Amino acid sequence: MRISELARRAELPVATIKFYLRKQLLQPGNPVSKTQSDYGETHLERLRLIRALREIADLPVATIGTVLSAVDDEQLPLLELLRITQTSVARTASTGTDPEPARALLADLGWQLTPGSTLVGSLAGVLDALAGQHEKIDAESLRPWAEAAWALAEVEVGHISSGTDRAVAARRVAVGTVIYGELLAQLRLAAQEAVSVSRFQAAAPAAGAGQRGRPS
C-alpha cells in the first residue's frame with residue numbers, strides 16, 4: 001500500500017508518518033520508485049503500537065524508541081519485552097521508601113517478579129501510604145485486592161502467547177495498562193456505588209417521609 005493508504009488505515013496524517021520515518025521509529029517502506037515506497041501490514045501494526053505509546057500512554061519519543069528497540073531485538077526474550085513495555089507505560093520508579101514491606105508482601109503472596117523490578121519500589125510507596133493511614137499491609141489483609149489483581153492479570157497476559165507478534169504483544173501491554181486500568185478504576189467506583197445502594201438504600205427513609213403528619 002502507498003503511504004496515503006497507510007495513513008488512512010492507521011488513522012494518522014501523512015505528515016505524522018513521515019515524522020516517524022525521520023525519527024526511525026517506523027521502518028522505511030520498500031521503494032517502488034524514486035519518490036514512492038510500498039508499505040505492508042507490519043508497518044500498519046507498528047503505527048498502531050506507536051499510537052498506543054504516544055496517544056494512550058503519553059510517552060515521549062525517546063521512551064517510545066526504547067520500547068520499539070526491544071520489539072525489534074529478536075534475541076530479547078518475550079518476558080523482557082513485556083517488562084520493558086509495562087514499566088515504560090506505567091512509569092514506575094523507586095519512591096525512596098523502605099522496599100522490605102513490599103518484598104515481604106510479594107513473598108507471602110507467592111508472587112515472583114523479574115529481578116530488579118521497579119514495581120517493588122512503587123508498591124512500597126503505596127504500602128507506606130496505607131501504613132501512614134494506620135491500615136494493615138499484611139498479605140491476609142490485602143488478599144482480596146491481590147486476588148482480584150491476579151485474576152485480571154491472567155486475563156490480560158492470557159491474550160499474549162510465545163507466537164504473538166512482538167509489536168502486537170507490546171501494544172496489548174500498553175493498552176491493557178492504561179485504558180483497561182482506567183476501565184478498572186471506573187468499574188470499581190460504579191461497583192462501590194451499586195453495592196452501597198444494595199446495602200443501604202432500603203434502610204434509608206424515603207424522600208419527604210419526615211414531612212408526613214406535620215401540622216401546617
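Across segment 48-99, which residue is surrounded by the most Cβ atoms within 10 Å (Cβ to Cβ) among those that are among the acidic types (Asp, Glu) and under 20 Å from Gly121 (Cβ atoms)? Top of the filtered list is Glu80. Scanning segment 149-166 for residues being open to solvent by 50 Å² or more (accessible area, probe 1.4 Å) and either outside any helix (DSSP H, G or I) or in contact with an Asp or Glu (Cβ under 9 Å, 6 or more places away or on another chain) (or both) gives a total of 5. Scanning segment 136-147 for residues that are within 21 Å of Leu184 (Cα to Cα) and open to solvent by 50 Å² or more (accessible area, probe 1.4 Å) returns Arg143, Pro144, Trp145, Glu147. On the stretch given as segment 70-112, residues that are without any contact (Cβ under 8 Å) to a residue 40 or more places away in the chain, closer than 22 Å to Trp150 by Cβ and of a type in the set (Gly, Ala, Ser) total 4.
Contact annotation: residue pairs with Cβ atoms under 7 Å, 6 or more positions apart or on different chains, pairing a residue in segment 153-176 that is farther than 17 Å from His43 by Cβ with a partner that is open to solvent by 30 Å² or more (accessible area, probe 1.4 Å) and not in a helix (DSSP H, G or I), are Arg172/His159. Do we find that Glu41 is more than 26 Å from Ser88 (Cα to Cα) and out of contact with any strand residue (DSSP E or B) (no Cβ under 8 Å at 6 or more places or on another chain) in this structure? No.
Looking across segment 118-136, just one residue is within 13 Å of Pro99 (Cα to Cα) and outside any helix (DSSP H, G or I), and that is Thr118.
Within segment 100-109, can one find any residue that is under 24 Å from Val178 (Cα atoms) and either open to solvent by less than 40 Å² (accessible area, probe 1.4 Å) or over 19 Å from the mean Cα position of the chain (by Cα) (or both)? Quick ask: steps written out before the conclusion?
From segment 100-109, those under 24 Å from Val178 (Cα atoms) are 102, 106; that's our starting set.
In the following step, the residues that additionally are either open to solvent by less than 40 Å² (accessible area, probe 1.4 Å) or over 19 Å from the mean Cα position of the chain (by Cα) (or both) were identified as 102, 106.
Yes, some residue in segment 100-109 is under 24 Å from Val178 (Cα atoms) and either open to solvent by less than 40 Å² (accessible area, probe 1.4 Å) or over 19 Å from the mean Cα position of the chain (by Cα) (or both).
Taking each residue of segment 132-147 that is modelled with pLDDT of 95 or more and looking for partners that are among the charged types (D, E, K, R) with beta-carbon atoms closer than 6 Å, six or more apart or interchain, yields Ala139/Asp108.
Annotation note: Cβ proximity below 9 Å between a residue of segment 23-38 that is surrounded by 14 or more Cβ atoms within 10 Å (Cβ to Cβ) and a residue that is among the small types (Gly, Ala, Ser) and part of a loop (DSSP other than H, G, I, E, B) (sequence gap 6+ or interchain) occurs for Gly29/Gly40; Ser37/Gly29; Asp38/Gly29. The residues of segment 167-180 that are out of contact with any Ser or Thr (no Cβ under 9 Å at 6 or more places or on another chain), open to solvent by 30 Å² or more (accessible area, probe 1.4 Å) and not aromatic (Phe, Trp, Tyr), listed by number, are Val175, Val178, Ile179.
The values are calculated or read from the model by the stated rules, or taken from the named source; none is laboratory data. Keep in mind it's a predicted model, so treat the numbers as computed, not measured. Positions of Cβ are backbone-derived with ideal geometry, glycine not excepted, and every protein chain shown enters the neighbour counts. Just the protein is used for accessible areas: all its heavy atoms, side chains included, with ligands, DNA and RNA removed. Shrake-Rupley method; radii C 1.70, N 1.55, O 1.52, S 1.80 Å.
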